Amino acid sequence: MFKRRRFKHKLTLQDRLSAWVKQVQADAAKLPAGPERDALLKKARQADVANHLHDWAGSPGLRPPK
């Protein structure tokens, strides 16, 4: 059986996603308007929404009553 290679990330998934979104948006700004730029911006928007959903799901307003 294969053993999985594991390593600890220094940043959280949300931090890595935020950094990736900024990088992709900067890359998209350098491209001319077209389908490639639109695809990059769409992926960046999806990652940003995923980050916001994670924050929303962990918000104190969604905790079950004690």
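Among Q14, Q23, which is the only one that is surrounded by 11 or more Cβ atoms within 10 Å (Cβ to Cβ) and touching a residue at least 40 places away in the same chain (Cβ under 8 Å)?
Numbers: Q23 fails: touching a residue at least 40 places away in the same chain (Cβ under 8 Å).
Just one listed residue meets the conditions, Q14.
Which of the residues spanning the range 26-35 are loosely packed, with under 14 Cβ neighbours inside 10 Å, aliphatic (A, V, I, L, M) and assigned to a helix (DSSP H, G or I)? Across the range 26-35, the qualifying residues are A26, A29.
The set of residues in the range 31-53 being within 16 Å of R16 (Cβ to Cβ) and in contact with a helix residue (DSSP H, G or I) (Cβ under 6 Å, 6 or more places away or on another chain) consists of A44, A47, D48, N51.
Only residues that are under 10 Å from the mean Cα position of the chain (by Cα) and aromatic (F, W, Y): list them for the range 1-55, please. Matches in the range 1-55: W20 only.
Of all residues assigned to the range 50-63, none qualifies as being surrounded by 14 or more Cβ atoms within 10 Å (Cβ to Cβ), among the aromatic types (F, W, Y) and out of contact with any His (no Cβ under 8 Å at 6 or more places or on another chain).
Each reported figure results from applying straightforward, stated rules to the coordinates on display, with no laboratory input. Since the model is a prediction, treat every value here as computed from it, not as a measurement. In this analysis, Cβ positions are derived from the backbone assuming ideal geometry, glycine residues included, and neighbour counts consider all displayed protein chains.
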